[in-house]
Structures are given as structure tokens and as C-alpha cells.
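What follows is calculated from the coordinates using simple rules that are stated; it is not laboratory data. Small disclaimer: the values here were computed from a predicted structure and weren't measured. No Cβ is skipped: glycine too gets one built from the backbone with ideal geometry, and neighbour counts run over all protein chains shown.
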Amino acid sequence: MPDFQSILEIIQQDAINALDKGSVATYIPELAHIDINNFGIHLRTSDGNDYGIGDYNKPFSIQSISKVLALAKAMALIGEDTWKRIDVEPSGHPFNQLALLEIENGIPRNPFINSGAIVIADILVSNLKNPKKDFLNYVRDLTGDDNINFNIDVAHSEKITGFKNFAAANLLKSFKNLNNPVEEVLDFYFHQCAIEMTCEQLTKAFFFLANKGTCMLNKTRLSKPQAKRINALMLTCGFYDEAGEFAFEVGLPGKSGVGGGIVALLPDNYIITTWAPGLNKKGNSKLGMLALEEFTSKTKLSVF
Ligand code: GLU
């Protein structure tokens with residue numbers, strides 16, 4: 001068994017010394033004032049040991065990491081019908097690119113690019129009684145922690161600047177791949193992205209994906225094949241047009257968000273969450289990717 005705590009300490013030191021920390025997302029104005037020097041990692045092994053370093057207990061905006069939990073909820077609600085409206089291929093393009101959606105007749109490439117996540121949001125709006133409240137409760141329940149909330153200022157900030165997301169939703173609507181009103185679906189989507197969680201909470205929330213669909217509280221949230229599918233999608237599509245690079249360097253299923261978080265996991269082994277708000281040019285956390293590369297190299301624990 002590797003000495004996880006010492007490995008995390010070395011990784012933290014390397015992050016502190018890094019000359020280039022990337023840059024904080026500014027296209028959502030409310031995210032622009034986050035201190036770039038935040039850095040945290042939380043690791044939980046499947047046998048129940050926890051390790052944390054740095055700012056692993058500070059809440060941050062989970063942004064696109066929420067797309068994985070939204071997909072899990074949609075699959076639990078409508079199962080295979082999910083795939084009638086969304087494909088499962090990497091896009092090879094930025095998360096908010098629209099051209100492919102037009103060429104491919106309103107069927108998003110995968111559930112983790114924005115257009116795909118907006119279709120998932122539409123599914124949840126159709127199938128949940130109180131969509132925002134029910135989804136938040138789902139995340140709280142997965143985590144076993146009621147102390148998780150939306151940051152309303154972030155949701156609002158994204159709403160007033162989310163022109164490309166409005167364009168994507170309207171395009172989906174024109175192809176009849178959006179059943180609810182654009183405003184309603186996006187209001188849900190902006191809130192799901194504006195959930196704030198710590199590294200430790202995210203690690204707990206994602207436990208079910210490393211544990212064949214059964215969550216921390218020992219409840220079955222997805223079937224084993226469904227958990228397998230989500231992990232496959234995280235590996236191939238979790239990092240937008242840098243998914244290949246993440247698989248190449250890190251070798252784990254994972255998902256990033258423009259708040260600077262990354263959750264990655266090795267089924268039946270561990271879940272790890274990093275937070276470093278500076279992003280690289282592809283919108284993924286610069287130091288988070290480096291940290292995970294260092295982690296799987298030092299521990300030799302990856303899927304490959
Ligand atoms: N809420 C963000 C957006 O729709 C999510 C992007 C991300 O985290 O990659 O632009």
C-alpha cells in the first residue's frame with residue numbers, strides 16, 4: 001500500500017512551487033475573484049481510509065462536475081432512453097462549441113459537453129417534481145451531507161452572461177430535442193453548475209461510481225452496468241477536447257469543472273478530488289491535472 005499522505009504532501013509542495021498556475025475562469029464573472037492559490041486534494045480508498053491536504057475542506061463551485069451527477073440521476077430515472085437523445089462519443093471540441101450540434105441535427109455528442117448536459121437538465125426538469133430542490137437533495141443524499149447548497153450569485157452571474165448556453169438550448173429546441181421551455185431548463189442547469197462542494201464532499205458523492213453503483217450510505221443508486229457506462233464516459237469525454245490527454249497522462253475516468261475541481265476514480269480502489277482554480281487553455285485545472293498525473297505515476301494506481 002503506497003504512503004498516500006506523504007505522496008499528497010509532495011504533490012502539494014510541487015503545486016506551491018509551480019511557476020504557471022493557469023488562470024481563473026472569468027467568463028462567469030462571479031468566479032473571477034477566486035484566489036488562484038487555493039489548492040486542495042482529498043482521497044478516499046474503497047476500504048474507507050481518508051486522506052486530505054491543503055484546502056480540501058473549502059467549498060468551491062463544482063460547475064461541470066455536476067454533469068456527472070445529473071447524468072446519474074437521469075439514468076436512474078429513464079434508463080436507456082437517455083441515449084435516444086444524446087450520443088456517447090468524444091467531441092474533440094471545446095465544451096461550449098455549437099457547430100457540431102448543428103451538423104449532427106441537434107443530437108449532442110455526449111452528456112458532458114454543454115449541449116448534452118442541457119438535454120440531461122431537460123430530462124430532469126421533466127421527471128422531477130421540484131427539479132432544483134430534488135436534485136440538490138439527491139446530491140446531499142449521495143454525499144451523506146445536508147450542508148450542500150447552490151451559490152445563487154454564481155447561478156445568476158452565469159444566467160446573465162450565458163449567451164452560448166442560451167444559443168445551445170435554442171438550437172436544441174429547434175431540433176425538437178428540448179421538451180421544456182429554454183428559460184426553465186437553463187435555470188435548472190445554471191443552478192446545478194452553481195452547487196458548491198468541498199473536495200471531501202465530492203469524493204464522497206462520487207463513491208458510488210467506484211463502488212458498482214452503491215453509495216456511501218449503502219444504498220443502490222445505479223446498477224453496476226450503469227456505473228460502468230458513466231465511468232467509460234468520464235474516461236472518454238470528461239475533459240472536453242483534452243480527454244485524450246487526461247487518459248494519456250493520468251489514466252483514470254474523471255470530470256473537470258471550470259471552478260477548478262477535478263474528480264477522478266479507480267473503480268474498486270479509490271476516489272480522488274483536486275481543487276486548483278487556475279485553468280489551462282482547454283478549461284481544465286492546470287495544477288489539478290498535474291497533481292493527478294503525479295499521483296497515478298507515484299502510486300502506480302491507474303486503470304492501465
Ligand atoms: N456552467 C459552465 C458553463 O455552462 C460549466 C462549464 C464547465 O465547468 O466546464 O459554461
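Distance from the alpha carbon centroid of segment 150-212 to that of segment 1-48 works out to 24 angstrom.
In units of the compact-protein estimate 2.2 N^0.38 Å, segment 33-178 shows a Cα radius of gyration of 1.16.
Based on Cα contacts under 8 Å between residues 6+ apart, the chain shows a relative contact order of 27 percent.
Is any residue of segment 199-219 close enough, with backbone N under 13 Å, to a label point placed 7 angstrom from the Cα of LYS58 along the Cα-Cβ axis, and if so, which? Under cut-off, by backbone N: 199.
The modelled label-to-label distance between ILE36 and ASP81, using points 7 Å beyond Cα along the C-beta direction, is 4.7 nm. When the chain is treated as a Gaussian network with alpha carbon springs shorter than 10 Å, the biggest mean-square fluctuation among SER126, SER91, SER285 belongs to SER126.
Working from the pairwise distances between different alpha carbons, so that the mean of 1/r is found and then inverted, what is segment 200-276's Kirkwood radius in Å?
On the way: mean 1/r = 0.0803 Å⁻¹.
Hydrodynamic radius (Kirkwood, Cα pairs) of segment 200-276 is 12.5 Å.
Dipole size of segment 125-198 about its Cα centre, with +1 on Lys/Arg Cβ and -1 on Asp/Glu Cβ: approximately 380 debye, rounded to the nearest 20.
Of the residues ASN130, GLY162, ASN147, the one whose Cα sits farthest towards the positive end of the charge dipole of segment 128-173 is GLY162 (charges of +1 on Lys and Arg Cβ, -1 on Asp and Glu Cβ, taken about the Cα centre).
For the chain, set up a GNM with springs between Cα atoms under 10 Å and report which of GLU293, GLU80, GLU249 has the largest fluctuation. Per the Cα network of the chain with a 10 Å cutoff, GLU80 tops the list.
Provide the net charge surrounding ASN179, with neighbours chosen by a C-beta distance below 11 Å and charges set as Lys +1, Arg +1, Asp -1, Glu -1. Don't skip to the answer; put the middle values down first.
Working: positive: ARG85, LYS173, LYS176; negative: ASP122, GLU184.
My count for the surroundings of ASN179 gives +1.
The modelled label-to-label distance between GLN5 and GLU196, using points 7 Å beyond Cα along the C-beta direction, is 2.9 nm.
Filter the trypsin sites (Lys or Arg not before Pro) in segment 89-187 to those in DSSP coil with at most 13 other Cβ atoms within 10 Å of their Cβ, and list the result. Please list the in-between numbers first.
On the way: sites: ARG109, LYS129, LYS132, LYS133, ARG140, LYS159, LYS164, LYS173, LYS176; in loops: ARG109, LYS129, LYS176.
When the trypsin sites (Lys or Arg not before Pro) of segment 89-187 are filtered for loop state and at most 13 Cβ neighbours within 10 Å, LYS129, LYS176 remain.
Which of LEU233, LEU124, LEU77 moves the most in a Gaussian network model of the chain with Cα springs under 10 Å? With Cα springs under 10 Å in the chain, the top fluctuation among LEU233, LEU124, LEU77 is at LEU77.
Taking only the Cα atoms of the chain, how large is their convex hull per residue, in Å³? Before the final figure, lay out the partial values.
Details: hull volume 33.7 nm³, N = 304.
So the per-residue Cα hull volume is 111 Å³.
What does the charge count around ARG109 come to, taking other residues whose C-beta lies under 10 Å from its C-beta (Lys +1, Arg +1, Asp -1, Glu -1)? Here the count lands on -3.
With N as its number of residues, segment 139-273 has a Cα radius of gyration that, divided by 2.2 N^0.38 Å, comes to 1.15.
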